[in-house]
Structure formats: structure tokens, C-alpha cells
1. Rounded to the nearest 20 debye, what is the charge dipole size of segment 40-82 about its Cα centre when +1 sits on each Lys and Arg Cβ and -1 on each Asp and Glu Cβ?
2. Using a probe radius of 1.4 Å on heavy atoms only, what accessible surface per residue do you get for segment 46-138? Whole Å² is fine.
3. Determine the sum of side-chain charges near residue 95: Lys and Arg each +1, Asp and Glu each -1, restricted to other residues whose C-beta is under 10 angstrom from that of residue 95.
4. For residue 102 paired with residue 4, estimate the spin-label separation in nm (one decimal), with each label point 7 Å from Cα along the Cα-to-Cβ line.
5. What is the chain's relative contact order, in percent, from Cα pairs under 8 angstrom and six or more apart in sequence?
6. Please enumerate, by chain and number, the lysines with C-alpha under 25 Å from the C-alpha of residue 4, excluding those fewer than 8 residues away in the same chain.
7. Per DSSP H run of at least 4 residues, take -39500 (n - 2.57); add these up for the chain, divide by its residues and hand me the 222 nm value, nearest 500 deg cm²/dmol.
8. Please give me, ordered by residue number, the chymotrypsin sites (Phe, Trp or Tyr not before Pro) of segment 82-138 that lie in loop per DSSP and have at most 15 other Cβ atoms within 10 Å.
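The values are calculated or read from the model by the stated rules, or taken from the named source; none is laboratory data. Just so we're clear, the structure is a prediction, and the values are computed from it rather than from any experiment. Counting neighbours? That spans all protein chains shown, and the Cβs are built from the backbone with ideal geometry, glycine included. These area figures cover heavy atoms from the full protein model, side chains too; ligands, DNA and RNA do not enter into them. Shrake-Rupley method; radii C 1.70, N 1.55, O 1.52, S 1.80 Å.
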Amino acid sequence: MLKKSMLENVENLIEKATEVRLNAHAPYSNFLVGSAVLDDKGDVHVGCNVENSAYPSGSCAEEQAIGAMCAKGGKTIQDIVVIGKSDALVTPCGACRQRIREFSAPQTRIHVCDTEKGLLKSYSMQDLLPDSFGPENL
Ligand code: THU
């Protein structure tokens, strides 16, 4: 169970991620994804997936949201929401797990959501990427 204040933060992130998801450029997969990050300063940053006709040049929603956070000087991800529309969980891909890891803290939570069903599951970084390699490992 999430605490009330945390639930409010997550609900706000879900709203922002839902909104930005509609701007996804996903003509190849038709799989629209939105993401919203709450940083250590309390600021929210959003991103959507941006595909490319040269397929590997596409980027994920989380990647875009993290880039937006960096551009505004955010240093740590408190919470990140990922939202998609699927029968299965829209969990961050392997590369995005590593991207989130770069800016994570022990309290960082990754919330996986569905456009119709809402919040489905919340993870810690350790859940998604155990024994991960991060800045402290260098
Ligand atoms: N995608 C994301 O943006 N985030 C995820 O967590 C999973 C996958 C995008 C990449 C691609 O544009 C589309 O979803 C299908 O894989």
C-alpha cells in the first residue's frame, strides 16, 4: 500500500503521463507510451516514445522523461510512472531500467500503469534490476 501523500504524487504523475502519451510518435508500432518523473526538487518531467523510420533510432518514453529531467537540473528520480495500453504490464525495457538506475536512490519507485486499469504495480529499482551497475560501481 502506498501512503496518502505518495499516492497523490503518483496520481499526479499518472495524469501527466496519460496526457503526454497522446503526443507519442509511434506510427510503426502504434504502441503509445507516456512517462512522468518526479525529481528530488519536486518537479515533474514528462516524455513519450518517439519512433523513427530508421527503427533503432527511436526512443522510449522513459528515456525522454529522464532527458527532460536532466535538462532542468533534476538529479534524482523519486518516482517514475510508465503508462501504456496493453493486456500485459508495460514495464520499462532493459535499457530504460539502466537509464532509471543512473538517477535512482534507494527510495525510487517505478510505477507501471495502464490507460484503462490505472496503477497496476509499483517496483523498486532492486526489483527491476538486481545487483545493478551504477555510478558507485565505477
Ligand atoms: N516503449 C517505451 O517507450 N517504453 C517502454 O517501457 C516499453 C516500450 C516504446 C518503444 C517503442 O516505441 C514502442 O514502445 C514499442 O516497443
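1. 160
2. Accessible area per residue, segment 46-138: 51 Å².
3. That sum, taken over residues with Cβ under 10 Å, equals 0.
4. Roughly 3.8 nm, to one decimal.
5. 20
6. Straight-distance partners of residue 4: 16, 41, 75, 117, 121.
7. So the calculated ellipticity at 222 nm is -9000 deg cm²/dmol.
8. Answer by residue number: 133.
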